[in-house]
Amino acid sequence: MKNWKEYLLSFSDILSRFSTIQHENYIDSITYKLNTGEKLNKISLEKEAKKYGITNVREVKEQTEYALVGIYRKMAHDKTKTIEERFYSIVEFYKRQVNLSLCTSTSVLLQQYSTAAPIAYLMGIYCGINKPHKSSLYFEPSAGNGLLTIAGYPENFEVNELDDIRIVNLQRDNYIKITKRDSSNQDFFRDKIKKFDAVITNPPFGALEKYEYQDFGAYTIKDLDHVMSILALSTMKDSGKSAIIIGGHTNYDEVGRIQAGKNRIFLNYLYSHYNVQDVININGDLYSRMGTSFNIRLILIDGRKNEVSGYAPLQNKIESNQINTFQELYQRIFQ
């Protein structure tokens with residue numbers, strides 16, 4: 001005969017399963033509405049969510065984004081189209097996408113803004129995750145709902161995420177491994193050094209308090225996204241590739257050097273340790289459908305240097321130009 005604790009546990013399991021079914025039904029409904037071109041906004045999303053017992057605003061946002069991940073992944077693997085045609089299909093859908101401006105105190109605190117789908121797709125294509133080999137293994141240490149993996153296949157990815165709602169969403173897909181660890185902590189990476197063929201990530205942005213600074217050799221790193229980028233790159237194989245988004249734009253002084261301070265230190269570290277192919281200033285307006293408009297940079301890396309040497313180059317006026325459209329970004333990366 002069950003004791004009262006066993007009955008409570010069983011009831012808790014039932015409630016949890018019921019909640020999961022409600023979320024899945026909402027995701028299916030929103031996916032259908034988005035695929036049929038129905039116009040959705042904050043009010044209509046919340047109204048639809050209430051039909052399935054979802055009243056938490058952040059849950060609405062996360063489940064809606066997960067529905068979008070599924071749509072974009074399908075578009076990213078449309079075998080009737082070329083890579084370029086898939087990209088522009090994603091761009092057109094993104095322009096019509098419901099605005100994920102359902103920000104809460106938690107999402108603001110954790111800087112939980114996901115990558116715009118067209119950028120996520122190009123990052124994946126650059127890293128080659130669309131053409132995995134049998135043993136290919138990729139890593140996303142700040143996975144969110146999996147948007148940065150859309151050009152690839154979950155079964156080739158190890159992903160990490162702190163947020164419980166997002167972890168449940170990730171568990172719906174076939175990722176080879178899902179962890180819940182602090183990816184700003186060096187301990188998390190000790191068993192992953194040079195493990196992955198590609199690393200792709202969009203870490204949360206933000207300045208660190210002085211006691212949180214981290215030293216990497218002679219380089220003291222003072223921003224959270226810079227720290228998390230360096231730690232993520234430690235897991236890339238010497239011949240691997242990486243695409244990383246960080247906050248802000250690169251600015252230069254009167255003689256063409258990166259302005260003194262944390263950006264110069266961080267980029268000098270990258271250029272001395274890795275084969276940095278490009279650092280692209282992107283207009284924050286391209287992020288607007290994700291609920292924010294931060295200016296960002298896209299860093300593209302092709303392998304690790306054999307020896308630590310060099311530093312960030314002087315300003316190249318063409319390369320330092322701001323990218324204002326998705327077409328410009330595609331051409332910058334691939335042409």
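The values are calculated or read from the model by the stated rules, or taken from the named source; none is laboratory data. Note that the coordinates shown come from a computational prediction; the quantities given were computed from them, not determined experimentally. Neighbour counts are summed over all protein chains in view; Cβ atoms, including those assigned to glycine, are modelled from backbone coordinates with ideal geometry.
Taking Ser293, is it in a loop (DSSP other than H, G, I, E, B), small (Gly, Ala, Ser) and over 29 Å from Thr149 (Cβ atoms)? Explain how you work it out, then say what you get.
Values: in a loop (DSSP other than H, G, I, E, B): yes; small (Gly, Ala, Ser): yes; over 29 Å from Thr149 (Cβ atoms): no.
So Ser293 fails the test.
Looking only at the stretch 259-271, decide whether some residue is within 17 Å of the chain's Cα centre (by Cα) and either surrounded by 14 or more Cβ atoms within 10 Å (Cβ to Cβ) or farther than 30 Å from Gln63 by Cα (or both). Quick ask: steps written out before the conclusion?
As a first pass, look at the stretch 259-271 and keep what is within 17 Å of the chain's Cα centre (by Cα): none.
No; the residues of the stretch 259-271 include none that is within 17 Å of the chain's Cα centre (by Cα) and either surrounded by 14 or more Cβ atoms within 10 Å (Cβ to Cβ) or farther than 30 Å from Gln63 by Cα (or both).
How many of the residues in the stretch 282-334 are modelled with pLDDT under 95, hydroxyl-bearing (Ser, Thr, Tyr) and crowded, with 19+ Cβ neighbours inside 10 Å?
Going through the stretch 282-334 one residue at a time, the tally reaches 2.
Among the listed residues Phe216, Phe189, Phe157, Phe205, identify the single one that is surrounded by 14 or more Cβ atoms within 10 Å (Cβ to Cβ), over 24 Å from Lys131 (Cα atoms), under 17 Å from the mean Cα position of the chain (by Cα) and aromatic (Phe, Trp, Tyr).
Values: Phe216 fails: under 17 Å from the mean Cα position of the chain (by Cα); Phe189 fails: under 17 Å from the mean Cα position of the chain (by Cα); Phe157 fails: over 24 Å from Lys131 (Cα atoms).
The unique qualifying residue is Phe205.
Quick check, is Gly217 over 27 Å from Val308 (Cβ atoms) and among the small types (Gly, Ala, Ser)?
On the way: over 27 Å from Val308 (Cβ atoms): no; among the small types (Gly, Ala, Ser): yes.
Here the answer is no, as Gly217 does not meet what is asked.
When you check Glu158 against the structure, is it touching a Lys or Arg at 6+ places or on another chain (Cβ under 7 Å) and at pLDDT 95 or above, yes or no?
Numbers: touching a Lys or Arg at 6+ places or on another chain (Cβ under 7 Å): yes; at pLDDT 95 or above: yes.
For Glu158, the condition - touching a Lys or Arg at 6+ places or on another chain (Cβ under 7 Å) and at pLDDT 95 or above - is met.
Filtering the stretch 88-105 down to residues that are in a helix (DSSP H, G or I) and loosely packed, with under 15 Cβ neighbours inside 10 Å, which residue is modelled with the highest pLDDT? I'd like the intermediate steps shown before the answer.
Taking the stretch 88-105 first, the residues in a helix (DSSP H, G or I) are 88-96, 105.
From what is left, the residues that are loosely packed, with under 15 Cβ neighbours inside 10 Å are 92, 95-96, 105.
On the way: Glu92: 96, Lys95: 92, Arg96: 90, Ser105: 43.
By that ranking, first place goes to Glu92.
Do you know which residues across the stretch 219-248 are surrounded by fewer than 16 Cβ atoms within 10 Å (Cβ to Cβ) and either of a type in the set (D, E, K, R) or on the phi > 0 side of the Ramachandran plot (or both)? Break it down into steps so the answer makes sense when it comes.
Step one: filter the stretch 219-248 for residues surrounded by fewer than 16 Cβ atoms within 10 Å (Cβ to Cβ), giving 220, 238-239.
Of everything in the stretch 219-248, just one residue is surrounded by fewer than 16 Cβ atoms within 10 Å (Cβ to Cβ) and either of a type in the set (D, E, K, R) or on the phi > 0 side of the Ramachandran plot (or both), namely Asp238.
Collect the residues in the stretch 197-207 that are modelled with pLDDT of 95 or more and among the aliphatic types (A, V, I, L, M), keeping them in residue-number order.
Going through the stretch 197-207, the residues modelled with pLDDT of 95 or more turn out to be 197-203.
Ala198, Val199, Ile200, listed by residue number.
Which of the residues that make up the stretch 234-250 are more than 19 Å from Leu224 (Cα to Cα) and either among the polar types (S, T, N, Q) or touching a Gly at 6+ places or on another chain (Cβ under 7 Å) (or both)?
Once the filter is applied, which keeps residues that are more than 19 Å from Leu224 (Cα to Cα) and either among the polar types (S, T, N, Q) or touching a Gly at 6+ places or on another chain (Cβ under 7 Å) (or both), the stretch 234-250 yields Asp238, Ser239, Gly240, Lys241.
For the stretch 106-125: of the residues being in contact with a Leu (Cβ under 6 Å, 6 or more places away or on another chain) and either farther than 20 Å from His226 by Cβ or among the β-branched types (Val, Ile, Thr) (or both), which is modelled with the highest pLDDT?
My answer is Ala120.
Hey, can you tell me all the residues within the stretch 223-252 that are part of a loop (DSSP other than H, G, I, E, B) and out of contact with any Lys or Arg (no Cβ under 9 Å at 6 or more places or on another chain)? First the steps, then the outcome.
Filtering the stretch 223-252 for residues part of a loop (DSSP other than H, G, I, E, B) gives 234-235, 248-251.
Once the filter is applied, which keeps residues that are part of a loop (DSSP other than H, G, I, E, B) and out of contact with any Lys or Arg (no Cβ under 9 Å at 6 or more places or on another chain), the stretch 223-252 yields only Asn251.
Output yes when any residue across the stretch 212-221 is under 24 Å from Ile323 (Cβ atoms), in a strand (DSSP E or B) and of a type outside the set (A, V, I, L, M, F, W, C), and no when none is. Give the steps one after another, and end with the answer.
At the first step, the residues of the stretch 212-221 found to be under 24 Å from Ile323 (Cβ atoms) are none.
Taking every residue of the stretch 212-221 in turn, none turns out to be under 24 Å from Ile323 (Cβ atoms), in a strand (DSSP E or B) and of a type outside the set (A, V, I, L, M, F, W, C).
Somewhere in the stretch 53-63, is a residue modelled with pLDDT under 95, closer than 19 Å to Leu100 by Cβ, loosely packed, with under 12 Cβ neighbours inside 10 Å and within 25 Å of the chain's Cα centre (by Cα)?
No, the conditions are met nowhere in the stretch 53-63.
Pick from Lys42, Lys47: which is modelled with pLDDT of 95 or more, over 20 Å from the mean Cα position of the chain (by Cα) and basic (Lys, Arg)? Spell out how you get there, then give the answer.
On the way: Lys42 fails: modelled with pLDDT of 95 or more.
Criteria check complete, one pass: Lys47.
In this structure, is Leu170 under 23 Å from Asp223 (Cα atoms) and aliphatic (A, V, I, L, M)? Don't jump to the end; show me each part of the working.
Numbers: under 23 Å from Asp223 (Cα atoms): no; aliphatic (A, V, I, L, M): yes.
Criteria not met by Leu170.
State the number of residues belonging to the stretch 47-68 that are among the β-branched types (Val, Ile, Thr) and assigned to a helix (DSSP H, G or I).
Here the count works out to 3.
Which condition from (1) modelled with pLDDT of 90 or more; (2) not in a loop (DSSP other than H, G, I, E, B) is the one that Lys81 breaks?
(2)
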